[in-house]
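Since the structure comes first, as structure tokens, the remarks are kept for the end.
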Amino acid sequence: MTSRRETLTIEFLPPDYERVAAELERLRDAGSGWINLLPGVPEGAVDVDPPTVTMATVMPARAEKRSVEGMSVGIMHPTGPKAVARLAETGVSVPEAWAVRQDHARRGLVLRTSPHATATDVVEWCVHAGTQLCMADMTGEWRAVVYLPT
């Protein structure tokens, strides 16, 4: 028998990242759970195939590794390969202490943050990157779906 993980949804308008960052800190302390960040789009603005909206997923390191291993950041996006270069062209560079693990057309962009990256910095970077990589019209609002620790 499997149980579903409890979720918490937070609607926010950048640059108000405080609630989302607080939840990410809670996940980091627990070493469990993850957050999906999705831009708000007008109803009916999203084509089903191919998807035009980005989704960022942030997962903290396990509790026993958090002092040496940063968070995993993944961004699914519709813009194809070389997202890191496209982001840099728009002024959204990958922070120097972060490592690019994957930059693939279909599997997306995967990064590892520094263990010292703040939750606010991670959420803010994800929103900026997600905004630049989204091809759908956006409302400016964002939604964080927090998958709470078990």
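Considering each residue of region 5-19, count those that are part of a loop (DSSP other than H, G, I, E, B) and either crowded, with 18+ Cβ neighbours inside 10 Å or hydroxyl-bearing (Ser, Thr, Tyr) (or both), and give that number. Step through it out loud before you land on a result.
If we filter region 5-19 for residues that are part of a loop (DSSP other than H, G, I, E, B), which is where we start, we get 5-6, 13-17.
Checking which are either crowded, with 18+ Cβ neighbours inside 10 Å or hydroxyl-bearing (Ser, Thr, Tyr) (or both) leaves us with 17.
So the answer is 1.
Those residues that are assigned to a loop (DSSP other than H, G, I, E, B), within 23 Å of residue 69 (Cα to Cα) and among the basic types (Lys, Arg), I need them from region 95-130; list them, please.
Selection gives 107 alone.
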Within region 20-45, residues assigned to a helix (DSSP H, G or I) and charged (D, E, K, R) come out as 23, 25, 26, 28, 29
When region 21-45 is examined, which residues are found to be open to solvent by less than 30 Å² (accessible area, probe 1.4 Å) and under 21 Å from residue 77 (Cα atoms)?
35, 36, 37, 39, 40
What are the pairs, 6+ residues apart or on separate chains, where a residue within region 96-117 that is touching a residue at least 40 places away in the same chain (Cβ under 8 Å) has its Cβ under 8 Å from a residue that is buried (at least 17 other Cβ atoms within 10 Å of the Cβ) and in a strand (DSSP E or B)?
112/73; 113/73
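Determine if region 59-71 includes at least one residue that is assigned to a helix (DSSP H, G or I) and open to solvent by less than 80 Å² (accessible area, probe 1.4 Å). Explain how you work it out, then say what you get.
Going residue by residue through region 59-71, those that are assigned to a helix (DSSP H, G or I) are 63-65.
Right, trim to open to solvent by less than 80 Å² (accessible area, probe 1.4 Å) and you get 63, 65.
Yes, region 59-71 contains at least one residue that is assigned to a helix (DSSP H, G or I) and open to solvent by less than 80 Å² (accessible area, probe 1.4 Å).
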Filter region 46-58 down to the residues that are open to solvent by 20 Å² or more (accessible area, probe 1.4 Å) and either modelled with pLDDT of 95 or more or part of a helix (DSSP H, G or I) (or both), then identify the one that is farthest from residue 146 (Cα to Cα).
55
Are there any pairs with C-beta distances below 7 angstrom linking a residue in region 131-150 that is in a strand (DSSP E or B) and surrounded by 17 or more Cβ atoms within 10 Å (Cβ to Cβ) to a residue that is of a type in the set (Lys, Arg) and modelled with pLDDT under 95, with the two at least 6 apart or on different chains, and if so which?
147/5
Residue 116, sole failed condition from (1) open to solvent by 70 Å² or more (accessible area, probe 1.4 Å); (2) in contact with a helix residue (DSSP H, G or I) (Cβ under 8 Å, 6 or more places away or on another chain)
(2)
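The values are calculated or read from the model by the stated rules, or taken from the named source; none is laboratory data. These numbers come from a predicted model, not from an experiment. We place every Cβ from the backbone using ideal geometry, glycine too, and count neighbours over all the protein chains shown. Side chains are part of the model used for accessible areas, which takes the heavy atoms of the whole protein and leaves out ligands, DNA and RNA. Shrake-Rupley method; radii C 1.70, N 1.55, O 1.52, S 1.80 Å.
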